[in-house]
1. When you go through (1) open to solvent by 50 Å² or more (accessible area, probe 1.4 Å); (2) without any contact (Cβ under 8 Å) to a residue 60 or more places away in the chain; (3) out of contact with any helix residue (DSSP H, G or I) (no Cβ under 8 Å at 6 or more places or on another chain) one by one for Ala35, which number turns out not to apply?
2. Looking only at the stretch 132-170, which residues are more than 23 Å from the chain's Cα centre (by Cα) and under 20 Å from Val67 (Cα atoms)?
3. Can you list the helices (runs of 4 or more DSSP H) found entirely within the stretch 38-112 that contain at least 1 residues being among the polar types (S, T, N, Q) and without any contact (Cβ under 8 Å) to a residue 12 or more places away in the chain?
4. Modelled with pLDDT under 80 and farther than 20 Å from Gly97 by Cα: is that true of Pro48 in this structure?
5. Would a scan of the stretch 88-97 turn up a residue that is of a type in the set (D, E, K, R) and surrounded by 16 or more Cβ atoms within 10 Å (Cβ to Cβ)?
6. Look through the stretch 113-128, keep the residues that are assigned to a helix (DSSP H, G or I) and of a type in the set (A, V, I, L, M, F, W, C), and return whichever of them is farthest from the chain's Cα centre (by Cα).
7. Can you find a residue that is under 17 Å from Asn130 (Cβ atoms), open to solvent by 50 Å² or more (accessible area, probe 1.4 Å) and of a type outside the set (S, T, N, Q) anywhere in the stretch 66-79?
8. Would you pick out the residues in the stretch 1-10 that are surrounded by 13 or more Cβ atoms within 10 Å (Cβ to Cβ) and either modelled with pLDDT of 75 or more or outside any helix (DSSP H, G or I) (or both)?
Amino acid sequence: MDTTAATSADVPHDQPVRRALDSLDGLTPLDPLAALMRRAITSTALAPVRDTLRGDWLGHRLHPALVQLPIGCWTSAAVLDLLPSERRAATGLIALGLLTVPPTALTGWIDWADLPPERQRAGLVHATTNLTAIALYTASLCARTRGRWARGRTLAWTGLAVASVGGAIGGHLVHREPSNADGMDSPSGATG
């Protein structure tokens, strides 16, 4: 049995999903926003802890590890939402997932600032998709605290679908180039 993991290099370029993901790198209208964001991120007071937030102490990027926290909470909540007796537990997991977003996003932005411009374009789409998922989960939590369980479930399941699209874009950012996929070996930390 072949245990070699497939990379995006193994996927033919004429596949519709691959073409769609690759096309994100060409969204040049995002360049002014990317330049503004990059300056904001690299000029912050985070400079003394940037290497720690990047995951240098771990030997690979920290963001992909932290992503498991909100996604794990929200996926578990989606399963519990199938059981009417588990509404409170699902609500707690959604709240916990939202609490894990700030450190996850912070490490993601630190990684994003190291990417080359064309990859930053796809990274902005990834971030926008994830912000949409966060908004949906926040709305779900608000609906649940008001006793609107059906609305809360619908918003959460929609949020999970959107977060999954964001995850696919994030995976494309990380695994698009099979060599040096985590960017830890390059001086700039770029993943592409």
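1. So the condition that Ala35 fails would be (1).
2. Listed by number, the list is empty, since nothing qualifies.
3. 50-54, 63-80
4. Judged against the criteria, Pro48 is a match.
5. The answer is no; no qualifying residue exists.
6. Once the filter is applied, the top-ranked residue is Ala113.
7. Scanning the stretch 66-79, I find at least one residue that is under 17 Å from Asn130 (Cβ atoms), open to solvent by 50 Å² or more (accessible area, probe 1.4 Å) and of a type outside the set (S, T, N, Q), so the answer is yes.
8. Thr7
The values are calculated or read from the model by the stated rules, or taken from the named source; none is laboratory data. These figures come from a predicted structure and were not determined experimentally. Neighbour counts run over all protein chains shown; Cβ positions are idealised from the backbone, glycine included. The accessibility values were calculated without ligands, DNA or RNA, using every heavy atom of the protein model including side chains. Shrake-Rupley method; radii C 1.70, N 1.55, O 1.52, S 1.80 Å.
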